[in-house]
Amino acid sequence: MIDEIRNLRNQIATEIGEITSKELLDNFRMKYLVKKGEIQAYFEKMKTAAPDIKPIIGKELNECRQFAEREFKVLQEKFATATETKVDIDMTLPGRRNFNGTFHPVLQTLEDITEIFRSMGFTVAEGPDIEDGYHNFDALNFAPDHPARDMQDTFFVKSDRELLLRTHTSPVQIRVMQSQQPPIRSIMPGRVYRNESINSRSLAEFHQVEGLYIDKNVSLAELKATIMAFAKRMYGEKSKFRFRPSYFPFTEPSAEVDISCYLCGGTGCRICKHSGWLEIAGCGMVHPNVLRAGGIDPEIYSGYAFGFGIERVTLLRTGIDDIRLLYENDLRVLRQF
Ligand SMILES: [Zn+2]
C-alpha cells in the first residue's frame, strides 16, 4: 500500500506539471482533493490495514495530501493574477508612443549638401554673421555705388554703415583666402540677412552654402563637372540641368544653374512659372580682383565659386510651396520630415 501511495504522489506531481488552465486545475481538484477524491479513498482503505503499519501509511498519505494542496494553491494564485491583469487592459485605449525628434528640414538639407561636398574633398569653413563692409562688399569687387549696399537690401548695425549683417556667405571666401594658401577646397554654410519683405518666396533671414576651389589651372569645365556631380547626387540621376550666363561682381564669367522642374518634369507649371526650370545655384570663376583681395596671385592661381540657397533647395525636395512654413515651427508640418 505504501508503494501505491508513493505512485499516487508521483502521478500527482506529473499531472500538476501539465496544468495550463483554470479548467484543468479544477479537474485536478475534483480528482484528488474533494471528499470523494482519490486521496480520501486511501484514507478509507487505511482503516482496514494492520494496526502496526497504519501510522506509516497515515504519515505517507498526509504528506501526499499536503503536497497536492500546496501545489494546487500555487497554481490557483497564478491563474488568479493572470485574470486580474487581463481585466486591467483596456484594449480601446490608444497606445503610448515615444516620438523621436528629427532634424529640421532646412538642417537636413544642409547636412546632405555638406556630406556630398565633403565626400568630394571639400572642408567646411565658417565666418561671422556680423561683417564689415570691406569683407561683405569691397573685397568681393562690389563697386562703391552698387545698389546692394543700399539700405533697401542690407541691415546695417551702425549708422556709419561699417558693420552689417552679412547679405551672403561670400565674405567667408575672403576670410578663407586670407588665412590659407591654395589649394583651397572649402564649403561655407551659414545664415544670411537681407532687408526684404517677407512673402511666400522670400525671407529676411535665410541660409546659403558657399563653395570655393582655388588651385593652379582650375577651369570652368571643372566647375560645371563639380556642380553636375553634386546635383545628380542631390536630385537624382534623371534630373536635367542647364547653365545660364549671369552676372555677379565677384565672378567672371558667371552663371546660374537651373534644374528641370521637380513637379512637372519640364512641361511647365505654377511652381516653375511655366518655364519648366527652377534656379538652384549661382556660380562662376573667381574674379581676379577677389583673388587679390584674398592675398592670392591671379597670375598663378585661378578658382571657381558657387552658392546655393538652402531654403530654396529644401522647398524643392519637400514640395512645400511657401517658404514661411519652414520657420513657423508648426509641428504638423515639421513632423512630416
Ligand atoms: Zn514645373
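When region 242-286 is filtered for residues that are crowded, with 18+ Cβ neighbours inside 10 Å, of a type in the set (Val, Ile, Thr) and more than 28 Å from the chain's Cα centre (by Cα), the ones remaining, listed by number, are Thr251, Val257, Val286. Considering only region 209-235, how many residues are over 28 Å from the mean Cα position of the chain (by Cα), crowded, with 19+ Cβ neighbours inside 10 Å and not aliphatic (A, V, I, L, M)? Qualifying residue count for the region: 1. Counting only residues that are more than 22 Å from Tyr247 (Cβ to Cβ), surrounded by 13 or more Cβ atoms within 10 Å (Cβ to Cβ) and in contact (Cβ under 8 Å) with a residue 40 or more places away in the chain, region 132-170 holds 1 of them. Mind checking which residues of region 102-117 are outside any loop (DSSP other than H, G, I, E, B) and touching a residue at least 40 places away in the same chain (Cβ under 8 Å)? Those that are outside any loop (DSSP other than H, G, I, E, B) and touching a residue at least 40 places away in the same chain (Cβ under 8 Å): Pro105, Val106, Gln108, Thr109, Leu110, Asp112, Ile113, Thr114, Ile116, Phe117.
Could you please let me know if Ala204 is surrounded by 15 or more Cβ atoms within 10 Å (Cβ to Cβ), over 18 Å from Gly294 (Cβ atoms) and in the same structural domain as Pro298 (by TED's automatic domain parsing)? Working first, answer last.
Working: surrounded by 15 or more Cβ atoms within 10 Å (Cβ to Cβ): no; over 18 Å from Gly294 (Cβ atoms): yes; in the same structural domain as Pro298 (by TED's automatic domain parsing): yes.
Answer is no for this residue.
Could you list, in sequence order, all residues of region 34-60 that are closer than 14 Å to Phe72 by Cβ and surrounded by 16 or more Cβ atoms within 10 Å (Cβ to Cβ)? Scanning region 34-60 gives Gly37, Ile39. Restricting attention to region 320-333, which residues are hydrophobic (A, V, I, L, M, F, W, C) and over 25 Å from Ser197 (Cβ atoms)? Result: Leu331, single match. When restricted to residues that are touching a residue at least 12 places away in the same chain (Cβ under 8 Å) and under 30 Å from Asn199 (Cβ atoms), region 284-319 contains 15.
Close Cβ contacts (under 7 Å, 6 or more residues apart or on different chains) running from residues in region 259-273 that are assigned by TED's automatic domain parsing to the domain that holds Arg242 to residues that are β-branched (Val, Ile, Thr) and near the ligand (Cβ under 7 Å from one of its atoms) comprise Cys261/Ile271; Leu263/Ile271.
Among the strands (runs of 3 or more DSSP E) confined to region 214-318, the ones with at least 1 residues that are more than 20 Å from Phe117 (Cβ to Cβ) and within 16 Å of the ligand (Cβ to nearest atom) are located at 241-248, 251-260, 277-286.
The values are calculated or read from the model by the stated rules, or taken from the named source; none is laboratory data. Keep in mind that this is a model prediction, so the values were computed, not measured. Neighbour counts run over all protein chains shown; Cβ positions are idealised from the backbone, glycine included.
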